[in-house]
Amino acid sequence: MLLPLAALLLLVLPSHAQDTSTEKPGVLLPLPKGVCNGWMAGMPGYPGHNGIPGRDGRDGAPGEKGEKGDAGLVGPKGDTGETGVTGVEGPRGFPGVQGRKGEPGESAYVYRSAFSVGLGTQVTVPNVPIRFTKIFYNQQNHYDTTTGKFNCNIPGLYYFSYHITVYLKDVKLSLYKKDKAVLFTFDRYQDQDLDQASGSVLLHLGLGDQVWLQVYGDGEHNGLYADNVNDSTFTGFLLYHDVN
């Protein structure tokens with residue numbers, strides 16, 4: 001460190017000597033400011049302490065607009081807003097494309113099968129079909145007055161009912177379908193009085209099935225009765241026919 005400082009001093013001193021040659025002889029010039037006789041450089045001092053930070057400078061001028069950044073991540077879905085006011089009805093749209101042809105519907109033909117008949121005689125034979133010969137309705141002739149049986153010409157669901165007058169004897173009556181009893185009625189006769197008994201049922205019939213009434217047991221239970229003011233009736237009709 002001392003050698004560089006001595007070399008620097010040698011470079012400075014000759015320049016001052018040249019300047020003194022132009023002065024008058026016999027005049028001593030002062031040494032340059034800061035130069036001492038017998039000067040010798042001392043040891044370097046320690047670095048000073050950091051100064052106090054200066055005050056904040058003024059805001060700089062706005063910079064140029066930067067390039068558009070990348071899109072951020074999608075945020076969470078917000079809450080559902082309130083329903084807005086109903087808008088004005090828009091103009092009528094164009095007609096749509098015609099739809100496919102629908103399935104065939106049921107036939108317009110009305111299926112009819114019904115009868116209502118009454119007992120025309122007081123004589124009834126047990127264990128054979130009762131012949132109701134008093135006709136209230138039998139337009140389709142599905143009830144046969146000669147056999148006492150209803151013949152099914154239209155397969156489907158049927159409703160049958162009977163209302164009988166009981167006199168002089170007890171009555172045991174059954175409704176048959178295809179030679180099998182499906183409904184039974186027993187009524188005990190009360191002395192010196194007329195009595196009434198009835199029954200009804202829903203039956204599904206196939207084509208050619210037969211339905212009838214008959215008294216079962218012996219002749220002691222054959223109190224079925226009818227006259228000009230008291231009837232015993234048998235009724236049946238089709239509710240709806242089978243589709244297939």
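Residues within the reach of a label modelled at residue 146 (point 7 angstrom out along Cα to beta-carbon, backbone nitrogen below 20 Å), restricted to the stretch 207-227, are 208-213. Surface exposure of the stretch 90-226, expressed per residue as accessible area with a 1.4 Å probe, stands at 62 Å². Each Lys or Arg adds one and each Asp or Glu takes one away; over the other residues whose Cβ falls under 11 Å from the Cβ of residue 127, this sums to 0. Close amide H contacts of residue 209 (hydrogens built in the peptide plane, cut-off under 5 Å, sequence separation of 5 or more or a different chain): 152.
Sparse packing (at most 15 other Cβ atoms within 10 Å of the Cβ) combined with a DSSP loop state is found for the following trypsin sites (Lys or Arg not before Pro) in the stretch 137-239: 178, 188. What net charge do the residues around residue 166 carry, taking every other residue with its C-beta under 11 Å from that of residue 166, with Lys and Arg at +1 and Asp and Glu at -1? After counting each charged neighbour, the total is -1. Taking 0.36 nm per residue of separation and subtracting the current Cα-Cα distance, fully stretching the chain between residue 65 and residue 139 would add 16.6 nm.
Computed from phi, the 3J(HN,Hα) profile of the stretch 89-98 under the Karplus parametrisation 6.51, -1.76, 1.60 (θ = phi - 60°) reads 4, x, x, 5, x, 6, x, x, 6, 5 Hz, with x in place of Gly and Pro. Got a number for carbon plus sulfur as a percent of the stretch 161-244's accessible area, 1.4 Å probe? Carbon-and-sulfur percentage of accessible area, whole number: 47. Rolling a 1.4 Å probe over the protein heavy atoms of the stretch 44-121, with every protein chain left in place, gives an accessible area that is 52 percent carbon and sulfur.
Applying both filters, DSSP loop and at most 12 other Cβ atoms within 10 Å, to the chymotrypsin sites (Phe, Trp or Tyr not before Pro) of the stretch 62-123 gives 109.
The values are calculated or read from the model by the stated rules, or taken from the named source; none is laboratory data. None of these values were measured; they are calculated from a predicted model. Heads up, the Cβs are rebuilt from the backbone with ideal geometry, glycines too, and the neighbour counts pull from every protein chain shown. Heads up: the accessible areas ignore ligands, DNA and RNA and are worked out on the full protein's heavy atoms, side chains in. Shrake-Rupley method; radii C 1.70, N 1.55, O 1.52, S 1.80 Å.
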